[in-house]
Amino acid sequence: MAAALYVEIYLICIVIVSLLLYWSNSSGSDSASEQCLRSMLWIFLINFICNLLFTVFNGFRLIPGIAVPASYLFKSLYHLSLCAGVVAWCLYARITLQSSRFNRKRTRLILALSLLPPVALVAFNLKSHILFEITADGSYVRHMWFHYEMGYLVCLSMCFSLPLIKRIPYEFENNRKSQLWLTASFSLSLLIAWFLSNLGEGFPVMCVCLAIELLCMYMDSSTRQISLDKLTQVNNRQNLLSFLEYKLLNHDESLFLLMMDVDYFKTINDTYGHLEGDEALIHVAKVLKNTCGAFTRRPYIARYGGDEFMILVEGSRAECDKLRDDIQANLKAMCETLHKPYTLTLSIGVARWEPSMSAKDFIESADNQLYEIKRNRPPRH
């Protein structure tokens, strides 16, 4: 009876994750976070399938001669995929943090090394049974090293959850705060599932907790994709206008709006093609995100249209000027590494919000400042 219940629940979780994978692949988004989320979904889908096959071979004893070896195989793969899934989440959490100090290669190396202890433990268990064993009557018995493994995974995930939680008070947008809270809740779900699984084996709590967490993460990701510009993966114009209206009524310090466009962007399009122009916009957006990520209170970035971007800053004039200068310096440094036949530069107009201004007035003021900058820039030779 218990085996039948497990099979039903695993099948439901497998269907849920399979649908999430299908929808994610159909979305057409290739952002780093979406790719990482898809990898995580694949790993946990394998995890659920391994537990399902373990239950089929061990619970129903369909083929008695290979039931025990097959059970050891699928349960070992379950433990390996669980560890790999947690590591994939850690990378997803690091990408979600959007820190300017994020080095993807270094993070992946650290996470790959963090997989070695649990992999060694699973391999050693095949002979020593210090992690788990399957008794002669088919009972699945966990041993003390199982709790060491789970404690290790919980601690590893908490190391990546805490920076997300620490970042929340400094975020500009409520949606961004919700995203950080939801992503950080993964380690709590893992801890709760571990605790509840110790109360008995009557219900597959680990599978259910992980499936619910993956569903919530996917829904949050899908919601955010609606408000993002597809090309540059920054906020789109519609989200900018609604957020600007909200922020004019809810801020503690001075508000500044940076309006910028790519210098001579039409020339880039006409000379090198629109695909190269799109790539140039992606590089500019990357510089904006990395530069804003270095600030304690992250500014709000949006693509206003075409080659125009906007950044909303809450803080002092000095912070706003530093952001403008850092953007120019970082863009120049990036161009030196790209070795493109053209140089990307930005004209940036800065406006300060006054209490008499509406959102439209605020944008027009920044646009006027941008026009003055462009009017006085030297011609390109």
> Given Phe172, Phe124, which one is aromatic (Phe, Trp, Tyr) and over 25 Å from the mean Cα position of the chain (by Cα)?
Replying inline: Phe124
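Residue-by-condition table, conditions (1) surrounded by fewer than 20 Cβ atoms within 10 Å (Cβ to Cβ); (2) within 30 Å of Ala136 (Cα to Cα); (3) acidic (Asp, Glu):
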{"site": "Ala4", "(1), (2), (3)": "yes, yes, no"}
{"site": "Leu19", "(1), (2), (3)": "yes, no, no"}
{"site": "Val56", "(1), (2), (3)": "no, yes, no"}
{"site": "Val68", "(1), (2), (3)": "yes, yes, no"}
{"site": "Val86", "(1), (2), (3)": "no, no, no"}
>> If Thr343 meets every condition in (1) closer than 22 Å to Leu244 by Cβ; (2) in contact with a helix residue (DSSP H, G or I) (Cβ under 9 Å, 6 or more places away or on another chain) apart from one, which number is that one?
In response: (1)
> Which members of the range 189-211 meet the condition of being exposed (fewer than 14 other Cβ atoms within 10 Å of the Cβ) and under 23 Å from Trp89 (Cβ atoms)?
Replying inline: Phe195, Asn198
>> Return the residues of the range 159-175 that are part of a helix (DSSP H, G or I) and surrounded by 17 or more Cβ atoms within 10 Å (Cβ to Cβ); say none if nothing qualifies.
In response: Phe160, Ser161, Leu164, Arg167
> How many residues are surrounded by 13 or more Cβ atoms within 10 Å (Cβ to Cβ) and either of a type in the set (Lys, Arg) or farther than 14 Å from Leu258 by Cβ (or both) if we restrict to the range 339-360?
Replying inline: 8
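For every residue, the table says whether it meets (1) closer than 28 Å to Phe172 by Cα; (2) part of a helix (DSSP H, G or I); (3) in the same structural domain as Ile95 (by TED's automatic domain parsing); (4) modelled with pLDDT under 85.
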| site | (1), (2), (3), (4) |
| --- | --- |
| Ser185 | yes, yes, yes, no |
| Leu190 | no, yes, yes, no |
| Phe195 | no, yes, yes, no |
| Gly202 | no, no, yes, yes |
| Ile212 | yes, yes, yes, no |
| Cys216 | yes, yes, yes, no |
| Met219 | yes, yes, yes, no |
| Leu241 | yes, yes, no, no |
>> Please go through the range 261-309 and give me each residue that is assigned to a helix (DSSP H, G or I) and over 28 Å from the mean Cα position of the chain (by Cα), ordered by number.
In response: Phe265, Lys266, Thr267, Ile268, Asn269, Asp270, Thr271, Tyr272, His274
> Which ones in the range 296-310 are touching an Asp or Glu at 6+ places or on another chain (Cβ under 7 Å) and at pLDDT below 90?
Replying inline: Arg297, Arg298
>> Which pairs turn up if I take residues in the range 1-22 that are closer than 18 Å to Ile212 by Cβ and look for partners that are among the hydroxyl-bearing types (Ser, Thr, Tyr) and at pLDDT below 95 with beta carbon separation below 9 Å, at least 6 apart in sequence or on another chain?
In response: Tyr6/Thr55; Tyr10/Thr55; Leu20/Tyr218
> Within the range 296-317, which residues are on the phi < 0 side of the Ramachandran plot and either acidic (Asp, Glu) or surrounded by fewer than 17 Cβ atoms within 10 Å (Cβ to Cβ) (or both)?
Replying inline: Thr296, Arg297, Asp307, Glu308, Glu314, Ser316, Arg317
> Which condition breaks for Leu258 when tested against (1) in a helix (DSSP H, G or I); (2) in contact with a helix residue (DSSP H, G or I) (Cβ under 8 Å, 6 or more places away or on another chain)?
Replying inline: (1)
>> Need the failing condition index for Leu312 against (1) within 17 Å of Lys247 (Cβ to Cβ); (2) not hydroxyl-bearing (Ser, Thr, Tyr); (3) not in a strand (DSSP E or B), just the number.
In response: (3)
> In this structure, is Ala67 assigned by TED's automatic domain parsing to the domain that holds Leu115, assigned to a helix (DSSP H, G or I), aliphatic (A, V, I, L, M) and in contact (Cβ under 8 Å) with a residue 60 or more places away in the chain?
Replying inline: yes
> Regarding Phe256, is this residue buried (at least 18 other Cβ atoms within 10 Å of the Cβ), outside the structural domain of Ile14 (by TED's automatic domain parsing) and either in contact with a Gly (Cβ under 8 Å, 6 or more places away or on another chain) or not polar (S, T, N, Q) (or both)?
Replying inline: yes
> Within the range 226-233, is there a residue that is in a helix (DSSP H, G or I) and at pLDDT below 95?
Replying inline: yes
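The values are calculated or read from the model by the stated rules, or taken from the named source; none is laboratory data. The structure presented is a predicted model; accordingly, all values stated were derived computationally and were not measured. Backbone-built Cβ (ideal geometry, glycine too); neighbour counts: all protein chains shown.
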